[in-house]
Amino acid sequence: MEYSPILHSLHVVPSSHVKNKLFVFCIMLSLWVYMLYCCVGYCSTVPNLTYGAVNRHENDAEVDNQESSLGASRDLLNNENELDSRGDEWDEIRGEAKALDDNAMSGFLNESESKKLPQAIIIGVKKGGTRALLEFLRLHPDIRAVGAEPHFFDRNYDKGLDWYRELMPKSSEGQLTMEKTPSYYVTKEVPARIYTMSKNTKLIVVVRDPVTRAISDYTQTRSKKPDIPSFESLTFKNMSAGLIDTTWSAVQIGMYAKHLERWLQYFPMEQLLFVSGERLITDPAGEMARVQDFLGLRRVVTEKHFHFNPAKGFPCLKRPEGNSKPHCLGKTKGRIHPNINPEVVQKLRDFYKPFNSKFYHMIGHDFGWD
């Protein structure tokens, strides 16, 4: 049989050089597809300077979502998501996902960004409106904040500052890193621990009528544990004697003056800002102006971002421009409070009155709860 160069060429095995090229090409193609996938997923979380920002998540916490020229969607609540019924635990899970998304891509987009310890912390109080304030602040382009509550200074302090820093989102020069954990305000060890991290830390406390706050706290607990005792029985050590049980956390948290004394041992009053939980509902833009001034930020989040929903009784968030429907609070927020015996409510008001008076005197502001 004659030798045929043509037939021989059909059976030639590709050289190792060609194999290497094909291998490299496959790797590059895989990396490109992966990066494209990451970018598509990130588009709905990265702050957007256009009004065409894509709404990323549904259902987070205390206030609703917004598509903003200044901040895109920020994990605010959407009442259409059934997962909202999972409550505060869901808020923290979603917040962690947000932080992971932000951290994963921020370094890719800007190598100059890095993780920093927070320069400002929302330290309290539970059921005062801390989630609403955090999400309002996350609309600001100069703020980078953790969505979930780190609980570093009260539960995880033994893990160290490096562990804490790793929880923070990456931020660039000029951006402010923040977190919020409402239990900090009432935990004895926390003021000294934050002071050790940085004596210049700015501290924000969201306060609310302590009686309403206690009932809201109880309502949240009862939604998870329907078989708990009545509010009235938990309020008193001795109901017939009218002796209030100050060991019950729902009562203890509202003794704001007592907790403030510990903070003032480490931080001057100038480094603490007390935000009205009531005004976050009735005048969110006004309270946000105070907060932005306190943090040394431009007044970017304004009345253009808010729309009051009379059915919900809470402000909803909207685009500063455009006709898109505002996003409002979900099912876990604005729960209907149980009917409490008016005599019990009055006894609680009498109990809190001296604490409120002292608190007003200490901070130089009367919230008008009495």
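The values are calculated or read from the model by the stated rules, or taken from the named source; none is laboratory data. Here the structure is a predicted model, which means the values were calculated and not measured. Note: ideal-geometry Cβ built from the backbone for every residue, glycine included; neighbour counts use all protein chains shown. We work out accessible area using only protein heavy atoms, side chains counted, and drop any ligands, DNA or RNA first. Shrake-Rupley method; radii C 1.70, N 1.55, O 1.52, S 1.80 Å.
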Not counting ligands, DNA or RNA, and with a 1.4 Å probe, what is residue 269's accessible surface area in Å² rounded to the nearest 10?
50 Å²
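Are there any GluC sites (Glu not before Pro) in segment 201-306 that are in a DSSP loop and have at most 10 other Cβ atoms within 10 Å? List them by number. Display every interim value, and only then the final one.
Details: sites: 232, 261, 270, 278, 287, 303; in loops: none.
Filter output for segment 201-306: empty list.
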SASA check, residue 279, accessible area w/ 1.4 Å probe, all protein chains in place, rounded to nearest 10 Å², comes out at 90 Å²
Out-of-range pairs (alpha-carbon distance over 29 Å; input 199/318; 170/202; 180/225; 21/170; 202/224)
199/318; 21/170; 202/224
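Among the listed pairs 116/258; 127/353; 116/188, which are separated by more than 29 Å between their Cα atoms?
Numbers: 116/258 31 Å; 127/353 20 Å; 116/188 25 Å.
Distance filter (> 29 Å) returns 116/258.
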Solvent-accessible area per residue for segment 228-313 (1.4 angstrom probe, square angstrom)
47 Å²
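Tell me the chymotrypsin sites (Phe, Trp or Tyr not before Pro) within segment 152-242 that lie in a loop according to DSSP and have at most 13 other beta-carbon atoms within 10 Å. Write down the numbers at each step before the final one.
Details: sites: 152, 153, 157, 163, 164, 184, 185, 195, 218, 231, 236; in loops: 152, 153.
Here no chymotrypsin sites (Phe, Trp or Tyr not before Pro) fit, given the DSSP loop and packing criteria.
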